[in-house]
Amino acid sequence: MTTTVATVSEETGAPYTLSHLDALESEAVHIFREVAGEFERPVILFSGGKDSIVMLHLALKAFAPATIPFSLLHVDTGHNFPEVLQYRDRTVAEHNLRLHVASVQDYIDRGVLRERPDGTRNPLQTVPLTEKIQTEKFDAVFGGGRRDEEKARAKERVFSLRDEFSQWDPRRQRPELWQLYNGRHAPGEHVRVFPLSNWTELDVWQYIAREGIELPQIYFAHEREVFQRAGMWLTAGEWGGPRDGETVEKRLVRYRTVGDMSCTGAVDSDATTLEAVITEIAASRLTERGATRADDKMSEAAMEDRKREGYF
Amino acid sequence: MSTTTELTETTLLRFATAGSVDDGKSTLVGRLLHDSKSVLTDQLEAVQRASASRGQEGPDLALLTDGLRAEREQGITIDVAYRYFATPRRRFILADTPGHVQYTRNMVTGASTAELTVILVDARNGVVEQTRRHAAIAALLRVPHVVLAVNKMDLVAYEEQVFARIAEEFTAYASELGVPEITAIPISALAGDNVVEPSANMDWYGGPTFLEHLESVPVSHDLAHCHARLPVQYVIRPQTAEHPDYRGYAGQIAAGTFRVGDSVTVLPSGRTTKVTGIDLLGKPVEAAHTPQSVTLLLEDDIDISRGDLLVPSKDAPATTQDIEATVCHVADQPLTVGHRVLLKHGTRTVKAIVKDIPSRLTLDDLSLHPHPGQLVANDIGRVKVRTAQALPVDSYADSRRTGSFILIDPADGTTLTAGMVGESFASPEPVKDEAEDDGWDF
């Protein structure tokens with residue numbers, strides 16, 4: 001990989017430039033440290049997906065050589081990829097972190113949430129997430145959301161105030177000026193914080209490659225039993241697939257995002273290395289959500305509507 | 001134009017757009033995203049679906065950028081959105097700001113982090129009130145580079161004289177305001193002339209295309225003239241067997257350079273010590289520069305906490321409890337004399353009171369309205385603030401990071417006002433009494 005890093009010219013005081021990855025990294029670290037300095041109980045949403053893995057990596061760098069002053073929160077849909085759960089538990093143990101789990105399955109078992117007819121559990125995450133935030137009194141919740149993912153997210157602030165019901169009101173957002181983030185909130189309210197706001201999917205992958213960050217294997221091409229539904233390759237499993245008329249076949253695939261198995265599709269790919277993945281993404285004519293997320297296709301404003309209710 | 005397939009790390013340019021409602025801003029943004037292949041198939045399909053379901057014939061590219069339900073329903077942009085695209089030479093963050101006058105605060109928001117602002121004019125109309133307003137805000141925010149994009153050249157027969165006249169008028173006006181660098185480019189966003197590809201219709205134009213200019217404008221920091229500044233964000237103390245005595249002061253360098261061995265002063269306490277080490281996210285370095293996030297290790301174990309400012313001992317700013325600034329009011333509730341607020345400067349938030357509002361700027365003609373009594377949303381004016389503790393402030397002209405602040409409503413946390421410390425732009429000499437001055441320096 002060719003790397004043109006920061007150029008400091010020979011003469012002192014000459015112009016100095018950061019590479020785009022260094023600039024994004026520095027900005028994200030600044031955001032983590034602002035939260036550590038201003039909030040009582042911050043938590044990092046950690047799904048075991050690439051964005052949350054990069055967030056955790058940045059947090060570790062921000063407070064080195066000390067440990068990070070945040071715990072982790074995983075919203076467990078009950079339909080997770082086993083490789084991702086293993087990765088999560090390994091990471092928590094390795095860095096001596098504290099993990100909170102909000103479980104969708106628990107809510108379904110208790111009769112508080114009802115399984116949807118389509119079997120998709122992604123929209124069901126909102127209630128366990130927001131209740132966990134309230135009961136644990138988290139006042140800052142880091143999410144790996146990026147503005148390039150979706151047009152409603154493009155309107156999202158780095159510090160995003162949520163009311164006591166975790167609701168987002170896009171018309172009442174605080175303007176964000178310079179690097180002066182405003183984290184003031186009333187008791188019961190909290191702030192969602194997005195340190196990767198200005199990163200694109202390609203930036204995330206380039207950074208993973210540069211930093212040598214380990215990922216769950218489902219991000220790389222592997223043979224997997226899948227079936228087709230709504231134009232996506234879904235993994236067969238106990239969550240409710242395949243149904244009648246859907247046939248399972250073995251294909252060489254990988255995942256671009258990690259979410260609930262019921263709505264996260266795989267893409268055909270032979271990219272087994274980071275370099276191959278980056279080349280593939282750079283050439284792709286589909287966004288990661290367009291390619292692999294069923295929940296975003298429900299309506300034109302699906303993301304905005306879910307975010308208003310408290311989704312991350 | 002191809003997408004970034006090389007794994008090269010490039011540089012990052014943050015820029016903002018400004019323009020009136022019908023001057024073709026959405027088309028320019030759409031053209032940039034489209035021609036740099038940043039609009040992907042599924043996004044375009046979604047736009048086509050939405051346009052068709054609304055009975056429109058072609059795809060409405062504004063739907064790419066108007067992301068909220070309310071925006072799509074009303075067909076207007078109501079808020080800043082950030083967009084991302086890349087070429088093999090550079091990565092871009094575009095703050096796409098609504099152009100209408102009532103959204104001055106949005107342009108201020110976008111321009112506060114921008115290194116370049118694009119001001120669009122319609123070639124048929126030339127420099128209008130709104131253009132002057134945008135130039136004034138760019139000057140006020142001290143955006144280093146301004147591009148005048150003279151759009152719709154196809155509608156004036158691609159005539160050189162039309163472009164030359166507009167460019168000359170704008171350059172004279174903007175230079176007077178103190179805009180340091182102005183580049184004028186004749187384009188047609190609709191036809192694609194000089195946006196990404198050079199135009200065959202304007203062979204009289206010898207300059208770069210719009211994208212070439214964005215790719216080549218310098219984003220480097222000239223550190224020779226910068227005061228070094230580090231607002232302390234957080235104190236890192238591992239207290240582990242491996243690092244029993246580590247005590248580091250973490251922050252993002254707001255300006256200039258710090259080197260191991262530098263004598264530094266802690267403000268506001270005024271204590272002095274030496275830099276014994278600099279950690280750049282876990283690895284030691286000899287020197288670090290803005291905007292790197294670092295951790296400084298110091299020789300003496302003195303009392304330093306979040307909110308303090310580390311500066312070179314030979315180049316320390318004065319501390320003061322009386323701050324005079326140009327502000328843009330960004331909240332719906334007004335700012336009045338006597339208002340008790342919080343002021344966030346760097347990493348420090350202190351109580352403050354609005355002592356005086358000497359003047360308000362009328363953006364239409366840049367005239368000055370003395371003692372307006374209050375500032376309402378989108379107003380720009382001069383404000384005097386008294387803070388509960390002394391703050392080390394720089395002039396905004398010297399440092400955008402340590403010369404800026406925000407005012408916050410202590411009751412509900414609303415961000416009220418964006419402030420820029422010191423004399424305003426285009427004041428040839430300091431104005432002694434604004435109330436008696438009928439010029440437009442404010």
Among the numbered criteria (1) closer than 18 Å to B:Pro392 by Cβ; (2) exposed (fewer than 15 other Cβ atoms within 10 Å of the Cβ), which single criterion is violated by B:Ile253? (2)
Among the residues of segment A:141-156, which ones are of a type in the set (Lys, Arg) and open to solvent by 10 Å² or more (accessible area, probe 1.4 Å)? A:Arg147, A:Lys151, A:Arg153
May I ask you to list the residues in segment A:226-267 that are among the small types (Gly, Ala, Ser), outside any strand (DSSP E or B) and touching a strand residue (DSSP E or B) at 6+ places or on another chain (Cβ under 9 Å)? A:Ala236, A:Gly259, A:Ser262, A:Gly265
So A:Glu211, is it farther than 30 Å from B:Arg400 by Cβ and surrounded by fewer than 21 Cβ atoms within 10 Å (Cβ to Cβ): no
Tell me which residues, restricted to segment A:186-209, are at the interface with chain B (Cβ under 10 Å from one of its Cβ atoms), in contact (Cβ under 8 Å) with a residue 60 or more places away in the chain and not hydroxyl-bearing (Ser, Thr, Tyr). A:Val191, A:Asn198, A:Trp199, A:Glu201, A:Leu202, A:Asp203, A:Trp205, A:Gln206, A:Ala209
Pairs only if they're at least six apart or on different chains, beta carbon under 8 angstrom, first in segment B:238-250 and at the interface with chain A (Cβ under 10 Å from one of its Cβ atoms) and within 15 Å of B:Leu281 (Cβ to Cβ), second open to solvent by less than 80 Å² (accessible area, probe 1.4 Å) and of a type in the set (Lys, Arg); list them, first residue then second. B:Ala250/A:Arg33
Taking into account only those residues within segment B:183-193 that are modelled with pLDDT under 95 and not small (Gly, Ala, Ser), which is farthest from B:Leu13 (Cα to Cα)? B:Leu190
Scan B:Thr320, B:Thr272 and give me the residue that is farther than 30 Å from B:Val29 by Cβ, more than 14 Å from chain A (Cβ to nearest Cβ), open to solvent by 60 Å² or more (accessible area, probe 1.4 Å) and of a type in the set (S, T, N, Q). B:Thr272
Examine segment A:98-121 for a residue that is in contact with a helix residue (DSSP H, G or I) (Cβ under 9 Å, 6 or more places away or on another chain) and within 14 Å of another protein chain (Cβ to nearest Cβ), and state whether such a residue exists. no
Can you tell me which of A:Leu24, A:Leu58, A:Leu18 is within 14 Å of chain B (Cβ to nearest Cβ), modelled with pLDDT of 95 or more, under 21 Å from B:Arg90 (Cα atoms) and buried (at least 20 other Cβ atoms within 10 Å of the Cβ)? A:Leu24
Take the conditions out of contact with any helix residue (DSSP H, G or I) (no Cβ under 6 Å at 6 or more places or on another chain), of a type in the set (A, V, I, L, M, F, W, C) and either buried (at least 21 other Cβ atoms within 10 Å of the Cβ) or at pLDDT 95 or above (or both) and apply them to A:Phe32. Does it pass? no
Taking segment A:186-208, which residues are closer than 30 Å to B:Ala411 by Cβ and surrounded by fewer than 23 Cβ atoms within 10 Å (Cβ to Cβ)? A:Ala186, A:Pro187, A:Gly188, A:Glu189
Scanning segment A:247-275 for residues that are modelled with pLDDT of 85 or more, closer than 25 Å to A:Glu115 by Cα and open to solvent by less than 40 Å² (accessible area, probe 1.4 Å) gives A:Tyr255, A:Gly265, A:Ala266
Quick one: would you say B:Glu212 is assigned to a loop (DSSP other than H, G, I, E, B) and open to solvent by 50 Å² or more (accessible area, probe 1.4 Å)? no
The residue that is nearest to A:Gln217 (Cα to Cα), considering only those in segment A:62-97 that are in contact (Cβ under 8 Å) with a residue 12 or more places away in the chain and within 14 Å of chain B (Cβ to nearest Cβ), is A:His95
Report, by residue number, each residue of segment A:253-264 that is farther than 20 Å from A:Ala282 by Cβ and either of a type in the set (A, V, I, L, M, F, W, C) or touching a helix residue (DSSP H, G or I) at 6+ places or on another chain (Cβ under 7 Å) (or both). A:Val258, A:Gly259, A:Asp260, A:Met261, A:Cys263, A:Thr264
Picked from segment B:185-209 (must be more than 19 Å from B:Val146 (Cα to Cα) and of a type outside the set (A, V, I, L, M, F, W, C)), the residue surrounded by the most Cβ atoms within 10 Å (Cβ to Cβ) is B:Asp193
Would you be able to say whether some residue in segment B:345-355 is under 26 Å from B:Thr113 (Cβ atoms), away from chain A (no Cβ under 14 Å), outside any loop (DSSP other than H, G, I, E, B) and modelled with pLDDT under 95? no
Please tell me if B:Val264 is over 30 Å from B:Ile353 (Cβ atoms), at pLDDT 95 or above, open to solvent by less than 20 Å² (accessible area, probe 1.4 Å) and within 11 Å of chain A (Cβ to nearest Cβ). no
Among all residue pairs at least 6 apart or on different chains, which show Cβ distances below 8 Å where the first residue, located in segment B:399-412, is without any contact (Cβ under 8 Å) to a residue 60 or more places away in the chain and the second is part of a strand (DSSP E or B) and crowded, with 21+ Cβ neighbours inside 10 Å? B:Gly403/B:Met420; B:Gly403/B:Val421
Can you pull out the residues in segment A:122-145 that are touching a helix residue (DSSP H, G or I) at 6+ places or on another chain (Cβ under 7 Å) and within 14 Å of chain B (Cβ to nearest Cβ)? A:Ala140, A:Gly145
Looking at (1) open to solvent by less than 40 Å² (accessible area, probe 1.4 Å); (2) within 23 Å of the chain's Cα centre (by Cα), find the lone condition where B:Pro358 falls short. (2)
Condition broken by B:Gln233, with the remaining ones in (1) open to solvent by 40 Å² or more (accessible area, probe 1.4 Å); (2) touching a Lys or Arg at 6+ places or on another chain (Cβ under 7 Å) satisfied: (1)
Residue by residue through segment A:103-140, note down the ones that are modelled with pLDDT of 90 or more, crowded, with 16+ Cβ neighbours inside 10 Å and of a type in the set (D, E, K, R). A:Lys132, A:Asp139
Meets criteria (hydroxyl-bearing (Ser, Thr, Tyr), touching a strand residue (DSSP E or B) at 6+ places or on another chain (Cβ under 8 Å) and farther than 22 Å from A:Glu25 by Cα) for A:Ser166: yes
Filtering segment A:69-102 down to residues that are of a type in the set (S, T, N, Q), buried (at least 17 other Cβ atoms within 10 Å of the Cβ) and farther than 22 Å from A:Arg256 by Cβ yields A:Ser71
Among residues belonging to segment A:163-185 that are facing chain B (nearest Cβ under 7 Å) and open to solvent by 50 Å² or more (accessible area, probe 1.4 Å), point out the one that is nearest to B:Thr415 (Cα to Cα). A:Arg184
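The values are calculated or read from the model by the stated rules, or taken from the named source; none is laboratory data. Note that the coordinates shown come from a computational prediction; the quantities given were computed from them, not determined experimentally. Neighbour counts are summed over all protein chains in view; Cβ atoms, including those assigned to glycine, are modelled from backbone coordinates with ideal geometry. These accessible areas exclude ligands, DNA and RNA; they are computed on the full protein's heavy atoms, side chains included. Shrake-Rupley method; radii C 1.70, N 1.55, O 1.52, S 1.80 Å.
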